[in-house]
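Have a look at the structure below, then the notes.
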Amino acid sequence: MKKPAAIALIAAPLLLAAYGLVRLVGKSDGVYGPGLDWQAAHLLALAGVILFVPAVLHLGSLLPRGPWRSGTVAVTLIGAVASMVQFGADIVFALRADDKAGMQALSGEFGDIPGVDLVVYQVGPQLFFVGLLVLTILAARARRLPWWSPVVLLVGIVAPPVSLDLLPLSGLLILAALWPAARAAASTAAQGTAPRGRGDGGSAGTHVAVGLRPASFGNGVTDSDDEVYAGPPPRITP
């Protein structure tokens with residue numbers, strides 16, 4: 001589990017950064033969504049959120065057992081599922097619609113379903129990032145992450161509400177915040193597979209100690225008049 005966790009901790013924020021980059025490229029010609037650039041960006045975001053599931057589970061495993069760990073992990077995963085639904089819905093809307101107005105109409109119909117607007121758009125994605133931040137704070141208090149990981153993560157989370165063009169930077173900041181956990185997980189996996197040295201009775205690897213550890217990406221608020229925003233209404237990720 002350690003090696004897959006390390007991969008997820010690195011790949012998930014990188015995919016979110018890639019989402020932001022593709023979005024910027026898509027905006028550059030003044031036409032963003034529906035189309036290939038929209039679909040590519042949202043598929044990257046969806047893959048990133050999915051990979052955060054093992055990442056969140058690993059962060060939870062760094063904490064002592066207790067109600068705080070169980071509750072925070074559960075809330076974070078619920079938020080991740082809401083984000084997956086949001087990105088997945090926008091991918092479907094883009095497939096079905098011929099233009100932005102059509103996407104807006106479809107998102108409006110979806111958001112009008114009782115409970116969808118609250119769970120999928122207004123609260124769910126925010127729970128994901130708040131839960132992720134709480135996990136890093138608890139891990140830092142347990143000395144499983146450095147003190148600066150929650151600080152860097154917080155900056156990464158609040159950057160997109162300032163400007164959605166900061167999404168690539170936000171993904172890189174989240175990666176930086178989670179990097180100590182990824183490095184420790186990779187080191188633990190390497191130690192578990194390394195051959196034992198002769199006569200020393202121990203592992204040939206070295207022990208690495210960790211230092212003293214997608215308003216959300218998917219809230220749909222845009223900073224450009226020519227983009228679809230997710231309202232409500234309409235409820236479309238940027």
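Just so it is clear, none of the values below were taken in a lab; they were calculated from the coordinates. Being a predicted model, the structure only gives us computed values, none of them experimental. In this analysis, Cβ positions are derived from the backbone assuming ideal geometry, glycine residues included, and neighbour counts consider all displayed protein chains.
Over all projection directions, the Cα-based convex hull of region 2-219 averages an area of 13.5 nm². Between L9, F93, L36, the Cα set farthest toward the positive side of the dipole of region 1-148 (charges on each charged residue's Cβ, about the Cα centre) is that of L9. Packing here is the average count of other Cβ atoms within 10 Å per residue, and on that basis the peptides 4-10, 99-105, highest first, run 4-10, 99-105. Overall dimensions of region 56-166, expressed as equivalent-ellipsoid semi-axes from the Cα gyration tensor (√(5λ), whole Å, largest first), are 33, 16, 10.
A Stokes-Einstein calculation at 25 °C with viscosity 0.890 mPa s, built on the Kirkwood radius of region 11-108 over Cα pairs, returns a diffusion coefficient of 167 µm²/s. Ordering A140, L106, P160 by the projection of their Cα atoms onto the charge dipole of region 2-219, which places +1 on the Cβ of Lys and Arg and -1 on the Cβ of Asp and Glu, puts A140 at the extreme positive end. Descending by average beta-carbon neighbour count within 10 Å, the peptides 44-52, 141-149 line up as 44-52, 141-149, the highest first. In a simple Cβ point-charge model (Lys, Arg +1; Asp, Glu -1; nothing else charged), region 2-219 has a dipole of about 1380 debye relative to its Cα centre. So what is the relative contact order of region 44-153, in percent, for Cα pairs below 8 Å that sit 6 or more residues apart? Reported as a whole number, the value is 34 percent.
Computed about its Cα centre, the charge dipole of region 93-187 is approximately 780 debye, with only Lys, Arg, Asp and Glu carrying charge at their Cβ. Residue order for K3, K27, fewest other beta carbons within 10 angstrom first, comes to K3, K27.
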